Amino acid sequence: MTYKLAQWQSAFVKKNKMKSRGLGDSIEKFTKATGIKSVVNRVSKATGSDCGCDKRRDTLNRVFPYDR
């Protein structure tokens, strides 16, 4: 069982290797990791309305960028 956990963690780290440009990207990574994003996507699909996640992420990245 620990081997499968190690495989999952390795795949998760590789998948989320994208460097955050700002606060919006960090929040998106958190919501994906915790499963919040999938719930929001299901609710958005069921209601037929856009959740505004992409617009919010871009705004937060622009307002709170990470300097490199």
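Before moving on, here are some points about what is shown:
- Pairs, first more than 9 Å from ARG21 (Cβ to Cβ) in region 57-68, second charged (D, E, K, R) and surrounded by 14 or more Cβ atoms within 10 Å (Cβ to Cβ), C-beta under 7 Å, six or more apart: ARG57/ASP25; ARG57/GLU28
- Every residue from region 8-38 that is farther than 15 Å from PRO65 by Cβ, in a helix (DSSP H, G or I) and at pLDDT 65 or above: LYS29, PHE30, THR31, LYS32, ALA33, THR34, ILE36, LYS37, SER38
The values are calculated or read from the model by the stated rules, or taken from the named source; none is laboratory data. Not measured: the values here are computed from a predicted model. Backbone-built Cβ (ideal geometry, glycine too); neighbour counts: all protein chains shown.
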